[in-house]
1. Roughly how big is chain B's charge dipole about its Cα centre, with Cβ charges of +1 (Lys, Arg) and -1 (Asp, Glu), in debye to the nearest 20?
2. Take chain B, connect every pair of alpha-carbon atoms lying under 10 Å apart with a spring to form a Gaussian network, then pick out the residue of B:Ala40, B:Ala94, B:Ala67 with the largest mean-square fluctuation.
3. With a 1.4 Å probe, how much accessible area is buried between chains A and B, both sides summed, in Å² to the nearest hundred?
4. Near B:Lys65, which lysines are there with a Cα under 23 Å away, not counting those fewer than 8 places off in the same chain?
5. Just subtract the alpha-carbon distance of A:Asn167 and A:Ala94 from 0.36 nm times their residue separation and send over the number in nm, one decimal.
6. Using the 7 Å Cα-to-Cβ label point, sort the distances from A:Ile36 to its equivalents in the other copies shortest first and give them in nm to one decimal.
7. What aspartates and glutamates sit close enough to B:Lys34 to cross-link, taking a C-alpha to C-alpha distance under 17 Å and skipping anything fewer than 8 places away on the same chain?
8. Pick out, from A:Gly66, A:Leu165, A:Ser43, the residue whose Cα sits farthest towards the positive end of the charge dipole of segment A:11-168, with +1 on the Cβ of Lys and Arg and -1 on the Cβ of Asp and Glu.
Number of protein chains: 2
Amino acid sequence: MAISMYQASVPRFVNILSNLSAILDKAQAHVEAKKIDPAALISFRLFPDMLPMTRQVQIACDAAKGAVARLAGVEVPKHEDTEQTFAELKARIAKTIEFVQSIKPEQIDRSEDRDITLKLGGKEIAFKGMQFLLGNALPNFYFHVTTTYNILRHNGVEIGKRDYLGNP
Amino acid sequence: MAISMYQASVPRFVNILSNLSAILDKAQAHVEAKKIDPAALISFRLFPDMLPMTRQVQIACDAAKGAVARLAGVEVPKHEDTEQTFAELKARIAKTIEFVQSIKPEQIDRSEDRDITLKLGGKEIAFKGMQFLLGNALPNFYFHVTTTYNILRHNGVEIGKRDYLGNP
């Protein structure tokens, strides 16, 4: 017995993406209660040359769909980065979850040694499937979800780590 | 073939902890170059009721050592939370890496179904080994490393996602 590539990917992405969607509900409720322009949160950056909240959510979604698509050897679905509201970001997350859940265990399992090439900063980087999932896709995914969380937390949205971890 | 519990834990924690240590070097160089009191960064919180940077690093370390110790069924080493400087935080990371690396694959492998009970917010939560590692320990670990990163980034330390991901 061991961990299958499916177990280490699809249910993990789905859990955290669902939690992220619920966190955005709390952010939406926060801006409504405080009569804040939602754009003030959605476009917020923790530092001027960091990416705004919208991009953090979009990249988290892309990390999830890109990982399962590459491991399954199917085309990565293209989602345009057009979201401007919490509702649109939640729809982006929902369609990402739908795609991730459409991939079956038998499409991902035994992809440990699959060759995966990523373009990072203009350079091609070669990975094996397991190294890609554990060393790149998952930490990158958690990075962007946590940064979204930190942007909201920094702006006073009342969320806690429980909202991020959910019920795994 | 699949992912062993060891492969999903020890090398992952060690890689990111090493990256975190190198990130602290950059933070140290930053405060020296800008003549900033290091305590201004080390005690910084992204919001008044969030934990300061020191605690983020300490908890990331605890997540790593706690995970491998629990999976291996050995006592979790106690590290006192006394760090006040970048050098001391780096030493904390170094002793965490040393402990994590002391655990052998045969101690962790086949711990997928091991019963693990965590006290979270005063409540006992029961996990199986794989669910604990993939659904709690790893996302929690990445959360605190990323929050450390975001605190430093928010304060102008010039680091990038490459510093966080390293060479997995």
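1. Working: 21 positive and 19 negative charges, 53 e Å.
The dipole magnitude comes to about 260 debye.
2. Greatest mean-square fluctuation among the candidates belongs to B:Ala40.
3. 3800
4. Within the straight-line limit of under 23 Å, B:Lys65 reaches these lysines: A:Lys161, B:Lys78, B:Lys90, B:Lys95, B:Lys104, B:Lys119, B:Lys123, B:Lys128.
5. So the chain would gain 24.5 nm between A:Asn167 and A:Ala94.
6. 2.3
7. Correct list for B:Lys34: B:Asp25, B:Glu158.
8. Going by the Cα projections, it comes out as A:Leu165.
The values are calculated or read from the model by the stated rules, or taken from the named source; none is laboratory data. Just so we're clear, the structure is a prediction, and the values are computed from it rather than from any experiment. Heads up, the Cβs are rebuilt from the backbone with ideal geometry, glycines too, and the neighbour counts pull from every protein chain shown. Please note that ligands, DNA and RNA were not included when accessible areas were found on the heavy atoms of the full protein model with its side chains. Shrake-Rupley method; radii C 1.70, N 1.55, O 1.52, S 1.80 Å.
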